Amino acid sequence: MTIGLLKGVNRSGHKGWTTEKCAICGTTLDFVQGYDLKNIYYCPKCVSQKLNAYFCAADARTLHYKCPYCKSELKPYYA
């Protein structure tokens with residue numbers, strides 16, 4: 001058995017490791033591209049509880065920067 005020849009979704013460069021969907025509209029959010037990082041918001045309380053509470057800038061503005069699940073403030077995501 002050869003180790004290190006991962007293929008498909010297990011490969012480290014696969015987009016599934018670096019992307020997430022917006023919780024409201026389903027827009028794909030990419031955490032690697034620099035210009036898109038300003039458009040990603042998250043709820044620190046829900047993310048710490050292992051919930052995928054990531055939002056695009058349009059939905060964060062619509063929600064008045066409050067999480068729809070726990071009503072805490074949304075924070076911008078900067079890597």
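Computed from the coordinates by the stated procedures, all read-outs in this text should not be read as laboratory data. Remember, predicted model here, so these are calculated numbers, not experimental data. Heads up, the Cβs are rebuilt from the backbone with ideal geometry, glycines too, and the neighbour counts pull from every protein chain shown.
Sum up the charges of everything whose Cβ sits under 14 Å from the Cβ of C70, counting Lys and Arg as +1 and Asp and Glu as -1, but leave C70 out.
That sum, taken over residues with Cβ under 14 Å, equals +4.
More than 19 angstrom separation, counting every C-alpha pair in segment 16-76; what % is that?
Across segment 16-76, Cα pairs with separations above 19 Å total 20 percent.
Gain in length, I24 to Q49, computed as 0.36 nm per residue apart minus the alpha-carbon separation, to one decimal in nm?
7.2 nm
Give the lysines reachable from K21 as a straight Cα distance under 21 Å; neighbours fewer than 8 places away on the same chain don't count.
K38, K45, K50, K66, K71, K75
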